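Below you'll find the structure, written out as C-alpha cells, and then a few comments.
The values are calculated or read from the model by the stated rules, or taken from the named source; none is laboratory data. Since the structure is predicted, the reported quantities are computational estimates derived from the model, not experimental observations. A quick note on method: Cβ atoms are made from the backbone with ideal geometry, for glycine too, and the neighbour counts reach across all protein chains shown. Side chains are part of the model used for accessible areas, which takes the heavy atoms of the whole protein and leaves out ligands, DNA and RNA. Shrake-Rupley method; radii C 1.70, N 1.55, O 1.52, S 1.80 Å.
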Amino acid sequence: MQISPSILSADFANLESELAAISNADWAHVDVMDAHFVPNLTLGLPIVESLLRVSPIPIDCHLMIEDPDHWAPPYAEAGAKSVTFHIEAAKDPVTLARDIRAQGARASMAIKPGTPFAPYEELLTEVDMVLVMTVEPGFGGQSFMADQMPKVTQVREAVQKHGGDIWIQVDGGVSAKTIEQCAEAGADVFVAGSAVYGAHEAASAVDELRELALRHAH
C-alpha cells in the first residue's frame, strides 16, 4: 500500500520544503498539464528536473498532455521513476510504454472516468501500473467519484488473471474518508493532494492514509 502525495496541492513557491515534508511517503506525484488535453496548465520538464534534484523520494509523473508518445520518454530519461500517460492521448501505447521502460522508469497508463478499461486490457503485459482516475483530470480539490470503484475492481481482476506485478493507482478526491473503499476495490497506490497538504501535518496524514489502506487491503 503506497501513498503518493500530489504536489498540485502544495505551495508552489516552496516545493523543496514541501517535498521534504512528505519524505515518509512512497512517491511524490507530479501533475503535468498542458492546457490542451486538460483545461489547466501546471508545469513541465524543467521544473520536474529541478524537483528530481531535491526530492527525498522517487517522483511519479502523471502526464495529462497531448502527444505523450513524443513528450513522455524525456521525463523518464530525466529520472522520474514512474511515468504515466493517458491512454486517450497515446497514439501507439505499446511503443510508448516500451520507450519509458527503456529509460529505466515504470510505465503506467491512466484512464479517465468516462473511458472504459476493457478495450485496453491487452496492454497489461506492457505496463507496470494502471491509474484509474477518480475525478475528471485537470484540477485539484475535486470530489471523489465512487462510481469508478467497479472499474478499479475490473482492473484488479484483469491483473490477477494476467499475472505480473502491476500496481493499481487511484487519483482524485482520495482522503481518509474515501481511501478504504479504494483499497477494498483493489487499489494499492493512492494519490492524495489536499488530504495531505491541507492537513495540519503532511507526514502524519501520509501515515494515517497508509494505515487505513492497509486495514482494508484487497
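Could you identify which residue out of ALA192, ALA205, ALA13 has the top mean-square fluctuation in a GNM of the chain using Cα springs shorter than 10 Å?
Highest fluctuation of the listed residues: ALA13.
Counting only DSSP beta bridges with both residues in the chain, tell me the antiparallel percent, nearest 5.
Details: 1 of 33 bridges.
So the antiparallel bridges amount to about 5 percent of the total.
Of the accessible area of the chain, with the probe set at 1.4 angstrom, what percent is carbon plus sulfur?
Carbon and sulfur together cover 50 percent of it.
Give, as a single signed number, the net charge of other residues whose beta carbon lies under 13 Å from the beta carbon of MET133, with Lys and Arg counted +1 and Asp and Glu -1.
So the environment of MET133 carries a net charge of -3.
Quick one: longest stretch of the chain between exposed loop trypsin sites (Lys or Arg not before Pro), exposed meaning at most 11 other C-beta atoms within 10 Å and loop per DSSP?
On the way: sites that count: LYS91, LYS177.
So the longest stretch without any such site is 1-90.
Placing +1 at every Lys and Arg Cβ and -1 at every Asp and Glu Cβ, with all other atoms neutral, what dipole size does the chain have around its Cα centre, in debye to the nearest 20?
Approximately 240 debye in magnitude.
What nm distance separates the two modelled labels at ARG53 and HIS162, each placed 7 Å from Cα along Cα→Cβ?
Once both label points are built, they end up 3.7 nm from each other.
Please give the net charge around LEU123, taking every other residue with its beta carbon less than 12 angstrom from that of LEU123, where Lys and Arg add +1 and Asp and Glu add -1.
Values: positive: ARG98; negative: ASP92, GLU121, GLU122, GLU126, ASP128.
That sum, taken over residues with Cβ under 12 Å, equals -4.
Setting aside same-chain residues fewer than 8 positions from LYS161, which lysines have a Cα under 17 Å from its Cα?
List returned: LYS151.
When ligands, DNA and RNA are left out and all protein chains stay put, how many square angstrom of accessible area per residue does the chain have with a 1.4 Å probe?
Numbers: 9010 Å² over 218 residues.
Solvent-accessible surface per residue comes out at 41 Å².
Which residue fluctuates most in the GNM of the chain (Cα springs below 10 Å): ILE87, ILE47, ILE57?
Looking only at ILE87, ILE47, ILE57, the largest GNM fluctuation is found for ILE47.
How would GLU201, GLU136 rank on accessible area, largest to smallest, probe 1.4 Å? If you can, show how the numbers build up before the last one.
Working: GLU201 110, GLU136 85 Å².
Largest accessible area first, the list is GLU201, GLU136.
Of VAL132, VAL196, VAL159, which is the most mobile in a GNM of the chain whose springs link Cα atoms less than 10 angstrom apart?
Between VAL132, VAL196, VAL159, it is VAL159 that shows the largest mean-square fluctuation.
Using a cut-off of 14 Å between beta-carbons, work out the net charge of the residues near GLY172 (Lys and Arg +1, Asp and Glu -1, GLY172 not included).
Its environment carries a net charge of -1.
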